[in-house]
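Comments concern the structure below.
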């Protein structure tokens, strides 16, 4: 299931077992169609000012064999099992 998440929720997605895979650009509708039937979290980023309705999105997919851990500075550290 595709879920569009609010700006700033990347740490929450990582804490829920998702790992950043890539960053993409598009509209909500384009990305919902592109990732249909996939288990992904799309974290909204900044608007692309020259392209109406387009945003950057961080694409998070379920973690496989990694455990996310956050330091007190908010930086993500990925520890392999």
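Within region 1-16, can you find the residues that are surrounded by 15 or more Cβ atoms within 10 Å (Cβ to Cβ) and either more than 10 Å from the chain's Cα centre (by Cα) or assigned to a loop (DSSP other than H, G, I, E, B) (or both)?
Those that are surrounded by 15 or more Cβ atoms within 10 Å (Cβ to Cβ) and either more than 10 Å from the chain's Cα centre (by Cα) or assigned to a loop (DSSP other than H, G, I, E, B) (or both): 2, 9.
Take region 11-29 and flag every residue that is touching a helix residue (DSSP H, G or I) at 6+ places or on another chain (Cβ under 8 Å) and under 10 Å from residue 43 (Cβ atoms).
20
Values in this text are rule-based calculations from the coordinates and carry no lab data. Bear in mind that the values here come from a model prediction, so they are computed numbers and not experimental data. Note: ideal-geometry Cβ built from the backbone for every residue, glycine included; neighbour counts use all protein chains shown.
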